[in-house]
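Before we start, here is the structure in question, set down as structure tokens.
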Amino acid sequence: MVRAVLRHAGALRIDHIIGLFRLWWVPAGMGPTDGTYVRYDHEAMVGVLLLEAQRAGAVVIGEDLGTVEPWVRDYLASRGI
């Protein structure tokens, strides 16, 4: 999907880039307060994203205006996002 998008764009802006790191999951039939964060392999997710961006000569922009742990911003900056 990323490769297909980047065929038509020189940049990709990802809203809520924290979603590459974690998502809030709520079990079916439960309320929002019954959920928990499920973490992802962010290095793999970001790696694939940047590989495809590099192949396309594109820039990746990550929106981080929510509750984002400071180390996430540092990590994204170190990867050029």
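The values are calculated or read from the model by the stated rules, or taken from the named source; none is laboratory data. Predicted model, so just to flag it, every value in this text is computed and none were measured. Backbone-built Cβ (ideal geometry, glycine too); neighbour counts: all protein chains shown.
Please identify the pairs in which a residue from region 4-17 that is touching a residue at least 24 places away in the same chain (Cβ under 8 Å) has its Cβ atom under 7 Å from the Cβ atom of a residue that is surrounded by fewer than 11 Cβ atoms within 10 Å (Cβ to Cβ) and not charged (D, E, K, R), counting only partners at least 6 apart or on another chain.
The qualifying pairs are His16/Gly66.
Moving to a separate point now. Restricting attention to region 36-61, and to residues there that are surrounded by 11 or more Cβ atoms within 10 Å (Cβ to Cβ) and assigned to a loop (DSSP other than H, G, I, E, B), which single residue is modelled with the highest pLDDT?
So the residue we want is Ala58.
Would you please name the residue that is farthest from Leu23 (Cα to Cα), looking only at residues in region 39-81 that are among the charged types (D, E, K, R) and in contact with a strand residue (DSSP E or B) (Cβ under 8 Å, 6 or more places away or on another chain)?
Here the residue is Glu63.
Against the condition free of Cβ contacts under 8 Å to residues at least 24 places away in the same chain and either exposed (fewer than 10 other Cβ atoms within 10 Å of the Cβ) or within 24 Å of Ala11 (Cβ to Cβ) (or both), how does Tyr75 come out, does it pass?
Judged against the criteria, Tyr75 is not a match.
Moving to a separate point now. Please work out which one of (1) surrounded by 15 or more Cβ atoms within 10 Å (Cβ to Cβ); (2) in a loop (DSSP other than H, G, I, E, B); (3) of a type outside the set (A, V, I, L, M, F, W, C) is the condition Gly80 fails and give its number.
(1)
Residues being in contact with a Lys or Arg (Cβ under 8 Å, 6 or more places away or on another chain) and acidic (Asp, Glu): count how many of those fall in region 14-56.
1
Just for region 1-35: of the residues that are charged (D, E, K, R) and either outside any helix (DSSP H, G or I) or modelled with pLDDT under 95 (or both), which one is surrounded by the most Cβ atoms within 10 Å (Cβ to Cβ)?
Top of the filtered list is Arg22.
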